[in-house]
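See below for the structure under consideration.
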Amino acid sequence: MHSRIHRGASVHAARRLNRATGLLATSVLLDSGLEHYRGSFKNGFMFAPPVISALTLAVSAHGTTDMRPLAHRARQAVFSAAALTGMAGTGFHLYNVLKRPGRLAWQNLFFGAPLGAPMAILLAGLLGAAAEEVRHTSRGRPAHVLGLPAGRLLAVVSGLGLLGTVAEAALLHFRGAYHNPAMYAPVTLPPVSAALLLGAAASSSPRRGRIARVWLRLTALLGFAGVGFHTWGVARNMGGWRNWTQNILNGPPLPAPPSFTGLALAGLAALGLLKERPHG
């Protein structure tokens, strides 16, 4: 009975990770599609993120509905491709910034290719691949990823991912001069969630896990609220939504905030694994 319960818990955790991966992939699909369209897809590699993120979304949706305790080779292949795309994209974006006069000057960080953006598809690939390993956990054994306890490793990955997303939001909101007090929310609430999640990974204290769970849920809601604020930001541009073809490209990025939601969901899945096996 215990083995069956644990196997079911592993599949449940994997499906939760698939949902988080799918949300991250959706954010990348829409964000990279808009940004690379604005750049006229002048480099053939600019087609890769939308295509790979669309495939990642598709296989994540498949994993969410898959109740079998078995890894899926096609999903594994797509998640690996997503991780590689994220690493390559980081290199391309870094090159785009460094080739400009002044190199790592603020102006280039503000208006060059966003350095943190490709990390979202990298994280989607890593979390998706981890979901396949968790799903394939043997009966009666704790879930492991790369030979490490899955709950702790995924808590660390999600926590660091949240901090990276905060850094990207901080840079872009600094460019916007924090003209709206709500712009401080993405740089204050998620760091607390990340710290609590990392603390839960380092300790088996149930109390830390409960507190982290509350903050992660708030962070997940923040991602959806951010879409609303960015929608309002687009409406404030000249012509508002009547001029949506221009303002949706030049206004605050609508697909960006759900990255917080995706990483928060991944953190909640990690806490679920830690609760199931606090010492392994």
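Nothing in this text is a laboratory measurement; each read-out follows from the coordinates by a stated rule. Only a predicted model underlies this, so the values are computations on that prediction, with no experimental measurement involved. Heads up, the Cβs are rebuilt from the backbone with ideal geometry, glycines too, and the neighbour counts pull from every protein chain shown.
Quick notes on this structure:
- Among the residues of region 215-240, just one is among the polar types (S, T, N, Q) and in contact with a Gly (Cβ under 7 Å, 6 or more places away or on another chain), namely 237.
- Residue within region 82-91 that is of a type outside the set (Lys, Arg) and over 25 Å from residue 261 (Cα atoms) present: yes
- Output for region 147-170, where each listed residue is surrounded by fewer than 18 Cβ atoms within 10 Å (Cβ to Cβ) and over 20 Å from the mean Cα position of the chain (by Cα): 147, 148
- Of all residues in region 112-146, those satisfying the criterion of being within 14 Å of the chain's Cα centre (by Cα), surrounded by 21 or more Cβ atoms within 10 Å (Cβ to Cβ) and not hydrophobic (A, V, I, L, M, F, W, C) are 118, 125, 128.
- Helices (runs of 4 or more DSSP H) contained entirely in region 1-120, each with at least 1 residues that are within 25 Å of residue 145 (Cβ to Cβ): 2-38, 48-65, 73-98
- Here 53, 10 are screened, and the one residue that is under 30 Å from residue 244 (Cα atoms), buried (at least 18 other Cβ atoms within 10 Å of the Cβ) and among the small types (Gly, Ala, Ser) is 53.
- Picking from residues in region 89-111 that are among the small types (Gly, Ala, Ser) and surrounded by fewer than 20 Cβ atoms within 10 Å (Cβ to Cβ), the one that is farthest from the chain's Cα centre (by Cα) is 102.
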